[in-house]
């Protein structure tokens, strides 16, 4: 597997476009269209929030029917959540406008949105925007990057990634872009990710691969613990790489799955590092757990702890808060066997071992915690399972962003 | 039931003392002793954190044996958590020093602590402190208030409360004090509460009453979602009111239970309102739920949502965040039936009804949300159950307090 360029346009046969439709007050791109020259098999994972935005409801239904997908329409101005039947109609109508402009059936067009909750889509502007998008589709790397910028809301920079790998002699690609300054955004935050591949994969296996990859990447990040109503990860596979179709979990599938995880993980880490107000990426690895579920719960409990996040913001080696967050994760373990280590470019330091505080130099600890990427390792010494979660620090800037985002 | 004065000294036969033992760098009281002239039945509820402080482990064991309790020793300088076997020995030794000073068996002396994690108790200072405490016990209201101040850490003011009520012609009292600037405190945060009563209550029934009362009061507050290793609520009942012993859940028990809930609720609200950096108390009532467990989960999800807390800090009627927090609480409900109302001294306003946003004036909403106590009402229109949770806003000050508390 190699890192590649071109984001969502890296796989063969995909084209994208971005446009400024004026859905937001800012003068910037706020709509994106992703298309494939041939029909794609599609997979998706969505928010588990009871309250679901109209496009999430519609995409789920389309996927359930197993229809092919030719295009994805995205807007980053209005979430179209909590908008009732009018919102549902507008969602469908958006797809129909794409159908009229592109000649693709609306049942093969998925939609996704992020932005303000409770507002209806301005359909006149949407129509103009779709007209512009349909005329400006391109398969180059610059357009992919422009699309990655266009889906941003409070993100400070775009997130994109691509890899290439070989399946039975054919070079395949997976590309992706994502937005989200955390699991949730102000005023109906959203994590959106769009992944493309030219590999040929069985539809059910594609869905399983995406779910498994999301569970160990996107589902392991947290900025503020708030799960949005619009979270959506879509994966389109158009098969233009002409590899032998992946139909079972064999060696070739593992190559594909590892490439998919790499793209998802790279995007997930970019999201966590760009969490609202964040100054540092926190990576928490829990090892020596009895089960994978335990390891994941424990790792996420630390990245979600407000006190641990605030301590990281202050470069403070406050291991008591980490221990405390592990303790209330809802997993049973023996604190007397636990060890805690912090690490970064500046070095590595044991803070806690065999149930008692280690002797360490506070200045060294502060140095390690002052880097842009900080790793925390907790070893339970109880089993073989491990998991990694990503988060960020909690800063005054987070409050500033969220105390009066709407006004 | 009537509100009363005197805090933990309101019930007959209790005495308290506070002293400055120098456990903390500040020059202030940091130790408290609560005693009863006659042996008490005791009940307790403790943190569910896997990591438990030495005094929590010891108190649990004493309660399990069903022994009478004569005294509670508290310190607010050092948590005595993650301190290994030395910590356990020091905890027992503290009780033995009280035994030597007071002539009460150490098995009838409970202990509680809050403060810095991972540090050992300075036993010489503890001994001097206990000597001072034993000599200055008093049953007056001023001493109760001084004790309530002495158990504070980052709290900005003391929390105490007392009520009186009548059981078969006998006037009974319940008094209490609590500390905690939220469910957790910096560097081993702690919520501690000590309740006293002169009512005569069967031991098992006393434990049940405390558990039930804690479930609907202390367990319904949240400042930052971090559950501490030291959380402890103790209730001592010395029976000096000479009422007929409460042995079953009859009418008299209900009078006692309601009085107990009133004291717990008053203290719980005081804790939430004094959450670290808080400028407002958030009260969330969920009604029309199918089960009590659902109602509680939903209410706590809103008070625990960082985005809702930040919106309250900005006086922003960002109902999308409230809806979102209800949606990810892990409870199934129909958003189309939901209504949301905010209220305070400044008025009342419907924000969301029948699945769609209500039309309302933003200035009126901001006015309501600018008060010191804000109520949020969510009605699911699905059942008969309801629950109330308390929290506070999330301010820049919270970060300032927690980013570098230790240093």
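A few comments on the model shown:
- Simple spin-label estimate for residue A:279 and residue B:100 gives 4.8 nm between the two label positions (7 Å along the Cα-to-Cβ direction from each Cα).
- Distances in nm from residue A:370 to the matching label points in the other copies, shortest first (labels 7 Å along Cα to Cβ): 4.2
- Taking every residue in B:115-124 and counting other chain Cβ atoms within 10 Å of its Cβ, the average works out to 2.
- For the peptides B:279-287, A:331-339, B:149-157, A:203-211, the ranking by mean Cβ contacts within 10 Å, running from highest to lowest, is B:279-287, B:149-157, A:203-211, A:331-339.
- Förster radius 25 Å - calculated FRET efficiency between residue B:166 and residue B:38, Cβ distance, rounded to 0.05: 0.75
- Each copy carries a label point for residue A:381 at 7 Å from Cα along the beta-carbon vector; from one copy to the others these points are 5.8 nm apart, nearest first.
- Normalised by residue number, the volume inside the convex hull of the Cα atoms of the stretch B:92-221 is 147 Å³ per residue.
- Chain B: angle of helix B:251-273 to the longest principal axis, Cα-based, in degrees nearest 10: 80 degrees
- Partner shielding of A:299-308 amounts to 4, given as the average count of beta-carbon atoms from other chains within 10 Å of each residue beta-carbon.
- Chain A: most fluctuating residue of A:103, A:84, A:131 per GNM, C-alpha cutoff 10 Å: A:103
- Peptides B:303-316, A:235-248 ranked from most to least packed, by the mean per-residue count of other Cβ atoms within 10 Å: B:303-316, A:235-248.
- Part-to-part distance (alpha-carbon centres) for the stretch B:202-279 and the stretch A:222-291, which is given in Å: 45 Å
- Antiparallel bridge percentage (DSSP; both residues within the stretch B:2-273; nearest 5): 75 percent
- When the convex hull of its Cα atoms is projected in every direction, mean area for the stretch A:2-273 (nm²): 12.3 nm²
- Using alpha-carbon coordinates, inclination of helix A:203-216 to the longest axis of chain A, degrees: 30 degrees
- Label-point spacing at residue B:244 relative to the other copies reads 8.6 nm, in ascending order, each point sitting 7 Å out from Cα along Cα→Cβ.
- With a Förster radius of 51 Å applied to the beta-carbon distance between residue A:120 and residue B:251, the computed FRET efficiency rounds to 0.35.
- For chain A, the longest principal axis of the C-alpha atoms and the axis of helix A:292-304 are separated by about 90°.
- Tensor-based shape of the protein assembly as shown (alpha-carbon gyration tensor, a/c under 1.5 rounded, otherwise prolate or oblate): prolate
- Amide N of the stretch A:26-60 lying under 15 Å from the label point, which is placed 7 angstrom from the Cα of residue A:211 along Cα→Cβ: A:42-48, A:60
- For the residues of A:168-177, the average number of beta carbons from a partner chain within 10 Å of their own beta carbon is 0.
- Point-to-point label distance, residue A:26-residue A:345, nm (Cα→Cβ direction, 7 Å offset): 2.7 nm
- The length gained on full extension between residue A:156 and residue A:358, counted as 0.36 nm times the residue separation minus their Cα-Cα distance, comes to 68.9 nm.
- Computed over chain B, relative contact order equals 17 percent, with contacts defined as Cα pairs under 8 Å that lie 6+ residues apart.
- Simple spin-label estimate for residue B:258 and residue B:332 in nanometres, 7 Å along Cα-Cβ: 3.7 nm
- Förster radius 51 Å - calculated FRET efficiency between residue A:2 and residue B:291, Cβ distance, rounded to 0.05: 0.45
- Cα gyration tensor, the stretch B:281-403 - rounded (a/c under 1.5), prolate or oblate: oblate
- Chain A Cβ-axis minimum, rotational copy B, residue and distance in Å: A:396, 2
Read-outs throughout are calculated quantities, based only on the coordinates presented, and are distinct from any laboratory measurement. Source: prediction; values computed, not measured. Neighbour counts run over all protein chains shown; Cβ positions are idealised from the backbone, glycine included.
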